[in-house]
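To start, the structure itself, in structure tokens.
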Amino acid sequence: MKENRKMEGEIILTGIHYSSGETVRLHLEDGIIRSVEGTGESGGDRLPIVAPGLVDLQVNGYRGIDFNGPELTAEQVETACRELLLSGVTTFWPTVITGPPERVSRNLRVLAGAVDSGGLATSMIGGIHLEGPFISPEDGPRGAHPREYCRLPDLSLVERWQEESGGRVGLITLAPELEGSPDLIRACRERGILVAIGHTGAGSGVIEMAAGAGATLSTHLGNGCHAVLPRHSNYIWDQLAEDRLQTTMIADGFHLPDSVLRVFLRAKGERAMLVSDCMPYAGLEPGKYDSPAAGNLVLTPEGKLHLEGQEEKLAGSASGLLDGVLHMAGLTDFATAWDMASVRPARFMRPARFIRNPAPGGLEQGAPADLLLLDRVGDRGRIRSVFKGGRFVEPTQYLSI
């Protein structure tokens, strides 16, 4: 690095802008990017790439820690935060899925306590994502969610869970065809909770209705679906055609074929985002695992996570967001793939009312100083170090991206 110095509480970084390719100098102070200036110099291979931190809207757990586990602790949440940060994820949304209401309540309280602790969770958890239980009970759309806990929309339950989370539920994924969904969507938006469509079997016209009521996202589009759909009128086409909906995709090489990823990106453009949907088994050895939320699972040597005895039924991902960026970078340009997992999700979560710092992500003045330094490896790179809130995090092991 040509320049990387600290002056009276100020950090100055010089590197290659991940998107423009220009040499830039960043001034970091008080956890904020104070300025980004072009130097007009050529960095060549001597300078690292500077990129915004990754933002993951859907994390079920990581490296053995399960956000849906019956014995989750605040200490485990903090450990997961540390592991995610070292993998390049600087902000994430722990995802609590369909399950016993009492366990959902308990884990929301645990997550709230972790955020209140003043540790990494305080700065890294952007909000809590409730994926269910207001989803389709049908095979296919339900995915790996347990049928017995799927239920109709219930505002009183949402308000209870919001209170137990300390007001941190910021995103709810639901099936808009369920009775009461339009009213719940409107009520959530009035309360500053973002609403996504997912695990749905919605018929024609329902997607448009949901967007009109205030839904703004499609959760892992193309997954949590029937195996066979009408070729023209179906809820995947309807969501692709609905410009009011942004879209998240899982680009782990298993959930969606490359041709589908390309088509989704072309249809949604800048409204397309990546999530990991990673389960606690991300980063663990292949084998059989028992999930409190999804039951018996198998993690194959290739990295595919599925229900035991049902190889076609995926149970979330065992890959991190970096893996998705790497895969997507092979289908589009590197800067677009990176934006899909950083700038775009950071901007998507801004309308949630509890977000304390509404500044957008990215490398721009006023944005949080959540940054990665990447060393060049061929035409890609690998993480050298992480800055969270302008503070240097110990160098990571070299993680390919």
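No value in this document is a laboratory result; all are computed from the given coordinates. Keep in mind that this is a model prediction, so the values were computed, not measured. Positions of Cβ are generated from backbone atoms using ideal geometry, with glycine treated the same way; all protein chains shown enter the neighbour counts.
For Arg191 and Asp45, a Förster radius of 51 Å and the Cβ-Cβ distance give a FRET efficiency of 0.50, rounded to the nearest 0.05.
Charge tally for Pro100 (other residues, Cβ to Cβ under 11 Å; Lys, Arg +1; Asp, Glu -1): 0. Estimated from the Cβ-Cβ distance and a Förster radius of 51 angstrom, the FRET efficiency linking Asp183 and Thr332 is about 0.85. Bridges between two residues of the range 54-348, per DSSP, are antiparallel at a rate of about 30%. Relative contact order of the chain: 19 percent, from C-alpha pairs under 8 Å at least 6 residues apart in sequence. Using the Kirkwood radius over C-alpha pairs as Rh, can you work out the diffusion coefficient of the range 54-348 via Stokes-Einstein at 25 °C, viscosity 0.890 mPa s, in µm² per second? In µm²/s, the coefficient is 131.
Close amide H pairs (under 5 Å, H built 1.01 Å from N) link Leu274 with Met249, Ala341, residues at least 5 positions away or on another chain. The label-point distance for Gln365 and Arg147, in a model that sets each label 7 Å from Cα toward Cβ, rounds to 5.9 nm.
Scoring 49-60, 309-320, 179-190 by mean Cβ neighbours within 10 Å over their residues and listing the highest first yields 49-60, 309-320, 179-190. Along its three principal directions, the equivalent ellipsoid of the range 121-279 from the Cα gyration tensor extends over semi-axes of 24, 18, 16 Å, largest first.
3J(HN,Hα) along the range 173-180: 9, 9, 9, x, 7, 5, 4, x Hz, from the Karplus curve 6.51 cos²θ - 1.76 cosθ + 1.60 with θ = phi - 60°, whole Hz, x for Gly and Pro.
Summarising the strand pairing of the range 1-123, around 75 percent of its internal DSSP beta bridges are antiparallel.
Could you let me know the centre-to-centre spacing of the range 260-331 and the range 58-131, using Cα atoms, in angstrom? Measuring centre to centre over Cα atoms gives 18 Å. Residues whose amide H falls under 5 Å from that of Thr173, counting only those 5 or more places apart or on a different chain, are Leu130, Glu131, Gly132, Ala196, with hydrogens built in the peptide plane.
Amide H contacts of Gly64: Tyr281, Ala282, each under 5 Å away and 5 or more positions distant or on a separate chain (H built 1.01 Å from N in the peptide plane; Pro and chain starts excluded).
Close Lys pairs in the chain, defined as Cα atoms under 25 Å apart and 8 or more places apart or on different chains, number 5. Across the range 137-146, rounded Karplus estimates of 3J(HN,Hα) from the backbone phi angles (6.51 cos²θ - 1.76 cosθ + 1.60, θ = phi - 60°) give x, 6, 4, x, x, 5, x, 8, 6, x Hz, Gly and Pro being marked x.
For the chain, a crude dipole built from +1 on the beta carbon of Lys and Arg and -1 on the beta carbon of Asp and Glu, taken about the Cα centre, is about 520 debye to the nearest 20.
Remark: the range 187-242 projects, on average over all directions, an area of 3.8 nm² (convex hull of Cα atoms).
Each Lys or Arg adds one and each Asp or Glu subtracts one; over the other residues with Cβ under 12 Å from the Cβ of Leu274, this totals -3. Per-residue 3J(HN,Hα) values for the range 332-344, derived from phi via the Karplus relation 6.51 cos²θ - 1.76 cosθ + 1.60 with θ = phi - 60°, read 9, 7, 4, 4, 5, 4, 5, 4, 4, 10, 9, 5, 5 Hz in sequence order (x marks Gly and Pro).
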